[in-house]
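Chemist: Here it is: the structure, laid out below.
The values are calculated or read from the model by the stated rules, or taken from the named source; none is laboratory data. These numbers were taken from a predicted model, which means no experiment stands behind them. Here the Cβ positions follow ideal geometry from the backbone for every residue, glycine too, while neighbour counts run over all protein chains shown.
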There are 2 protein chains.
Amino acid sequence: MSCLPSRERKAEKTMAYYKDMRDYIRALEKAGKLVRVKKRINKDTELHPLVRWQFRGLPEEQRKAFLFEDVVDVKGKTYTIPVLIACHAASRQIYALGMKCKEDEIIEKWTQAQLKPVKPVMVPTGPVHDVIFTGEHLVQHGGLGMLPVPISTPGFDNAPYFTSACWVSKDPETGIRNVGVYRSMIKGPTRLGVSSSPPKDLWTHWEKCHDRKIPLQAAAVIGAPPNLGFTAVSHLPYGVDEYDVSGGISGEPLKLVKCQTVDIEVPANAEIVVEGVIPTDALEREAPFGEYTGYMGGEMMNPYMNVTAITFRKNPIYVAFLSQFPPSESSKLRQIAAEAVYYKHLRYDCGLPNIQEVAFHESSGAWQYCVIKMKKTHPAQPWKALYSAANLDNHIGKIIIIVDEDIDPRDPDSVNWALSFRMQPHRDTQITYGKIPALDHSAAPPDSPERRYPLPRGCSSMLIDATRKWGYPPVSLPRKEYMERAKKIWEDLGLPPLKPQVPWHGYSLGHWTKENEEEAELALKGEHYQTGEKLEKQRQKM
Amino acid sequence: MSCLPSRERKAEKTMAYYKDMRDYIRALEKAGKLVRVKKRINKDTELHPLVRWQFRGLPEEQRKAFLFEDVVDVKGKTYTIPVLIACHAASRQIYALGMKCKEDEIIEKWTQAQLKPVKPVMVPTGPVHDVIFTGEHLVQHGGLGMLPVPISTPGFDNAPYFTSACWVSKDPETGIRNVGVYRSMIKGPTRLGVSSSPPKDLWTHWEKCHDRKIPLQAAAVIGAPPNLGFTAVSHLPYGVDEYDVSGGISGEPLKLVKCQTVDIEVPANAEIVVEGVIPTDALEREAPFGEYTGYMGGEMMNPYMNVTAITFRKNPIYVAFLSQFPPSESSKLRQIAAEAVYYKHLRYDCGLPNIQEVAFHESSGAWQYCVIKMKKTHPAQPWKALYSAANLDNHIGKIIIIVDEDIDPRDPDSVNWALSFRMQPHRDTQITYGKIPALDHSAAPPDSPERRYPLPRGCSSMLIDATRKWGYPPVSLPRKEYMERAKKIWEDLGLPPLKPQVPWHGYSLGHWTKENEEEAELALKGEHYQTGEKLEKQRQKM
């Protein structure tokens, strides 16, 4: 029993991480970040388009999670299971809520979770096994048809797909687990596609099983506590167990139970788990499916799973990610996870403690346009950072730019200012090879038989050192005190309210002489004719 | 006498261009685009910082021109001459007002003005000669000290400078006139610096006079009708008379008078003209001065003018540009002029009628980051446009990007989306040489003796073809009808008002098969298991 006074015990309790999705939904609602929709909504034609609007028509801070309580499909079938969408990452604020931290603490918390992961614990049973469907029972109840899986991109997608399913599988050689989010096409009542191609982790497991002539066991987890969604979308190195890093985020071990029909562990408090076996002697086509690149992903030959069990909590909640055209929930998830992984890698694995921020732009699907802010102490450091970032993951980083500490790496205008006046293309850029196109249609025509090399097929990176190479004269804005004084006058005159943008005053950048200072002071005394007289004496005859 | 009915005569009269700055001030005021400041304002420490705030803290559409009616300097001297600033281009709307057209007509009007220039006419006299100061009379009245010239970047600038002065000079060989805006340091009561270096037009005149051992006559015009400011900041080709293109904009000839002391013609309705003679046997240092690059421009050896006359209208108005850190009035002026000159060049001089838009980003000082929208009909066209744009003016275009017609070239996120998924660095980029650093501190250290070549000094361009190279699958957003339906539901639910952003629905990009269509339709009928069964039959054994 705790010996803390009751108030502190309460504080202690508040600090604990969300034990399940329901706990988190209460937090979303309390923070005013949940829209409950009681009106009947068609999951196939209305649900995604409705939530999509907030990504095409609202500023980020106004975006919310949506809970649809009365869902119907195109055939008129009603569902008792509600659909929760955009609850992980409709905005950076919502992501912070899911992390139980402030927005500006997200990356540090994520970094510490990688450095200090917490292993999960096994428990004998959990709510995810409240309701169990297997064998004939599963088929009689419609199998996957029980779940209100929405169509993400109506008019183009060829089926409903799981978008938030965290796939758990194991390396048959080492037994090391992987948890990853892969789109999953509903192909039949007990058959699911799973989009995983080389060199993704589930594919590696698949290949190793294929070599051993055994099938791959797997489970797709839907609606775990949000810390699992955060890590499952990330590209952590092969061999890192996402359950451990999720534990690092919450600061406590994830509770796991054994699956009913496969040798896989899943979160005890998840809403829904689909268990099954992935044959490794055949592949099946899946897609087209609307992808994070902003285009439909084309048809691919991919693994598929024969479903052996579906297990539920009582009154389960189906959870989806709003993905596709960026910005979206999925680009925000991908963005923050990539920022955390790259920040940790550059600072801690590559010995670049002066890395200050990594910003993946959502306009690039949050993977292809990366800006790294660095307080450079040696001219070689930007290149170390550029090559390290380019090499970490060959799916990520078509354009990588290093900027100084006074540039806002998230503001495209600020970055374009740096590109315009802090770099020279012939001197400060380099192109490197070895990227994998994945879903990038610019690599080769969509129907090309060989999309992935040899060159000129395939993908490359543009690396740009947009840091200042030497001292610059000051930023051409009035000195701070004059801008401050003017702001008071602005307000006295009753002019419209200001939202000051950085930089809003001039500052030194290393190149400013005593004489420059003196002349500026003379000008401010109205004595600039003195400077004029000096310059006349220094006149240069031609 | 006109035989039109009176109502039509009135309409005819309304269509005429602003005859002077005062006429234009009335239009600004009527449009709610002028702030009159009656409060006493220090021109050296308060005026620029105050107006600067609207460029660091307000959205563009809220920015206005400012008229300061009670101006004082740091020594406490009061001025009867008011200061008008940001009246040409505080925003694109204000620029359109100055052009007497709608915002989306600006570029076409500017283009037509280049194609159909209107020569000015000489008139015997004009208001600009209401008051004339020459010789001893000029000196006794304080010369340039009569004018309330503000300090632009207090704390860093070494004097007050003219920022909006249109310098008029002539090629001594051909007699062809040039009008250009050059910053002009107040060096003494009758001495002005003029910042013009090779290969700028005034510098070319200076060199030719130097070769002939004669001085260069010139006049600095302040407060002409706004069409002169628009053309004087542009980089029209050498030999094009900006007065003619200004006439093309207004659709009527500019009225000119001869200067009092030099063989130069100036607008009869200008507010203020400073006449003088530029020695060509010596140069003088001028600057530091806050520049459009976002940094202080360093010291340069430049021509200077000995003032021979100052002429005024009665109750003259001093006009300044708000320049320096972008965005600013000067970056907007530079942006639109460059867009018009490049658009005309690419479409009409280079035979690329499928150029749809040229967008210079203000974050680059409106010269260095250029995005060109093109409806490509042959794969070679983007490169023709890229090389043509890179070659037109060697001060302009560090980064030049060609995008397709569905990209918004002004939206950096839209451009970054194109860079992320429509180009490969190793295939679609090229670096070209031959740029002139001018004020770009990235070319060489500020105190380097040779800033302009040989390589690796000097500046280069990065050219990028970010157009699709082949058909792509559709944009991954729900089809239009589903987004429209969802918008109605959104509104029915009383959710916050939307500002729809392009693209807000999926559309075809050339690669989408009959089978893709059929599968998408089946999914929308809830018949996706049929697709699943088909895919099972097409299974590929490994």
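Chemist: Does the stretch B:205-215 include one or more residues that are of a type in the set (A, V, I, L, M, F, W, C), buried (at least 22 other Cβ atoms within 10 Å of the Cβ) and within 26 Å of B:N306 (Cα to Cα)?
Modeler: Here is the first cut: in the stretch B:205-215, the ones of a type in the set (A, V, I, L, M, F, W, C) are B:206, B:209, B:214.
Checking the rest, the ones that are also buried (at least 22 other Cβ atoms within 10 Å of the Cβ) come to B:206, B:209.
Next, from what is left, pick out any that are within 26 Å of B:N306 (Cα to Cα): B:206, B:209.
Checked the stretch B:205-215: at least one residue is of a type in the set (A, V, I, L, M, F, W, C), buried (at least 22 other Cβ atoms within 10 Å of the Cβ) and within 26 Å of B:N306 (Cα to Cα).
Chemist: Here's another thing I want to ask about it. Starting from the stretch B:186-201, take each residue that is facing chain A (nearest Cβ under 9 Å) and under 15 Å from B:A438 (Cβ atoms) and list its partners that are surrounded by fewer than 23 Cβ atoms within 10 Å (Cβ to Cβ) and not aliphatic (A, V, I, L, M), counting only C-beta distances under 6 angstrom and pairs at least six apart or across chains.
Modeler: none
Chemist: Filter the stretch A:37-78 for residues that are within 10 Å of another protein chain (Cβ to nearest Cβ), of a type in the set (D, E, K, R) and outside any loop (DSSP other than H, G, I, E, B); which is nearest to B:W504 (Cα to Cα)?
Modeler: A:R56
Chemist: Being within 30 Å of B:H48 (Cα to Cα), at the interface with chain B (Cβ under 9 Å from one of its Cβ atoms) and among the small types (G, A, S), is that true of even one residue in the stretch A:491-507? Before you say what the answer is, go through the steps one by one.
Modeler: Keep residues of the stretch A:491-507 that are within 30 Å of B:H48 (Cα to Cα), which gives A:491-507.
Pick out the ones that are also at the interface with chain B (Cβ under 9 Å from one of its Cβ atoms) and you get A:492-493, A:495-506.
Narrowing further to those that are among the small types (G, A, S): A:506.
Yes; the residues of the stretch A:491-507 include at least one that is within 30 Å of B:H48 (Cα to Cα), at the interface with chain B (Cβ under 9 Å from one of its Cβ atoms) and among the small types (G, A, S).
Chemist: Please work out if B:R410 is buried (at least 22 other Cβ atoms within 10 Å of the Cβ), within 18 Å of A:H361 (Cα to Cα) and in contact (Cβ under 8 Å) with a residue 40 or more places away in the chain. Break it down into steps so the answer makes sense when it comes.
Modeler: Working: buried (at least 22 other Cβ atoms within 10 Å of the Cβ): no; within 18 Å of A:H361 (Cα to Cα): yes; in contact (Cβ under 8 Å) with a residue 40 or more places away in the chain: yes.
For B:R410, the condition - buried (at least 22 other Cβ atoms within 10 Å of the Cβ), within 18 Å of A:H361 (Cα to Cα) and in contact (Cβ under 8 Å) with a residue 40 or more places away in the chain - is not met.
Chemist: Looking at (1) within 11 Å of chain A (Cβ to nearest Cβ); (2) surrounded by 24 or more Cβ atoms within 10 Å (Cβ to Cβ), can you tell me which one B:H88 breaks?
Modeler: (1)
Chemist: Applying the selection to the stretch B:241-262, what residues are farther than 13 Å from B:V221 by Cα, over 18 Å from the mean Cα position of the chain (by Cα) and of a type in the set (A, V, I, L, M, F, W, C)?
Modeler: Those that are farther than 13 Å from B:V221 by Cα, over 18 Å from the mean Cα position of the chain (by Cα) and of a type in the set (A, V, I, L, M, F, W, C): B:L254, B:V262.
Chemist: If you scan the stretch A:96-116, which residues turn out to be buried (at least 20 other Cβ atoms within 10 Å of the Cβ) and part of a loop (DSSP other than H, G, I, E, B)?
Modeler: Selection gives A:K100 alone.
Chemist: On the given criteria, is B:A438 surrounded by 18 or more Cβ atoms within 10 Å (Cβ to Cβ), modelled with pLDDT under 95, touching a His at 6+ places or on another chain (Cβ under 8 Å) and of a type in the set (A, V, I, L, M)?
Modeler: Values: surrounded by 18 or more Cβ atoms within 10 Å (Cβ to Cβ): yes; modelled with pLDDT under 95: yes; touching a His at 6+ places or on another chain (Cβ under 8 Å): yes; of a type in the set (A, V, I, L, M): yes.
Against the criterion (surrounded by 18 or more Cβ atoms within 10 Å (Cβ to Cβ), modelled with pLDDT under 95, touching a His at 6+ places or on another chain (Cβ under 8 Å) and of a type in the set (A, V, I, L, M)), B:A438 qualifies.
Chemist: Here are some conditions: (1) in contact with a Gly (Cβ under 7 Å, 6 or more places away or on another chain); (2) closer than 15 Å to A:Y182 by Cα. A:N269 meets all but one. Which one does it not meet?
Modeler: (2)
Chemist: Which one of the conditions (1) under 21 Å from B:A165 (Cβ atoms); (2) assigned to a helix (DSSP H, G or I) does B:Q93 fail to meet, given that it meets all the rest?
Modeler: (1)
A quick yes/no check of all residues on (1) surrounded by fewer than 18 Cβ atoms within 10 Å (Cβ to Cβ); (2) in a strand (DSSP E or B); (3) touching a strand residue (DSSP E or B) at 6+ places or on another chain (Cβ under 9 Å); (4) more than 14 Å from chain B (Cβ to nearest Cβ):
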site	(1), (2), (3), (4)
A:K119	yes, no, no, yes
A:P124	yes, no, yes, yes
A:L138	no, no, yes, yes
A:S152	no, no, yes, no
A:V168	no, yes, yes, yes
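Chemist: Which residue, of A:A337, A:A320, A:A270, is touching a Lys or Arg at 6+ places or on another chain (Cβ under 8 Å) and within 26 Å of A:P226 (Cα to Cα)? Quick ask: steps written out before the conclusion?
Modeler: Numbers: A:A337 fails: touching a Lys or Arg at 6+ places or on another chain (Cβ under 8 Å); A:A320 fails: touching a Lys or Arg at 6+ places or on another chain (Cβ under 8 Å).
The unique qualifying residue is A:A270.
Chemist: Let me ask something additional. Among the listed residues A:L58, A:L28, which satisfies the condition of being at pLDDT 95 or above and touching a strand residue (DSSP E or B) at 6+ places or on another chain (Cβ under 8 Å)? If you could, list the steps in order and put the result at the bottom.
Modeler: Numbers: A:L58 fails: touching a strand residue (DSSP E or B) at 6+ places or on another chain (Cβ under 8 Å).
Checking each option against the conditions leaves just A:L28.
Chemist: Keeping to the stretch A:170-226, report how many residues are among the aromatic types (F, W, Y) and part of a strand (DSSP E or B).
Modeler: Keep residues of the stretch A:170-226 that are among the aromatic types (F, W, Y), which gives A:182, A:203, A:206.
After this cut, where a residue has to be part of a strand (DSSP E or B) as well, the list is none.
Number satisfying all stated conditions: 0.
Chemist: Kindly check whether there is at least one residue in the stretch A:394-404 that is outside the structural domain of A:M300 (by TED's automatic domain parsing), more than 11 Å from A:D465 (Cα to Cα) and free of Cβ contacts under 8 Å to residues at least 40 places away in the same chain.
Modeler: no
Chemist: Restricting attention to the stretch B:336-349, does a residue exist that is in contact with an Asp or Glu (Cβ under 7 Å, 6 or more places away or on another chain), at pLDDT 95 or above and either buried (at least 21 other Cβ atoms within 10 Å of the Cβ) or on the phi > 0 side of the Ramachandran plot (or both)?
Modeler: Of the residues in the stretch B:336-349, the ones in contact with an Asp or Glu (Cβ under 7 Å, 6 or more places away or on another chain) are none.
Checking the stretch B:336-349: not a single residue is in contact with an Asp or Glu (Cβ under 7 Å, 6 or more places away or on another chain), at pLDDT 95 or above and either buried (at least 21 other Cβ atoms within 10 Å of the Cβ) or on the phi > 0 side of the Ramachandran plot (or both).
Chemist: Another question about this same structure. Looking at the stretch A:466-484, is at least one residue within 7 Å of chain B (Cβ to nearest Cβ), more than 33 Å from the chain's Cα centre (by Cα) and charged (D, E, K, R)?
Modeler: Yes, there is a match, as at least one residue in the stretch A:466-484 is within 7 Å of chain B (Cβ to nearest Cβ), more than 33 Å from the chain's Cα centre (by Cα) and charged (D, E, K, R).
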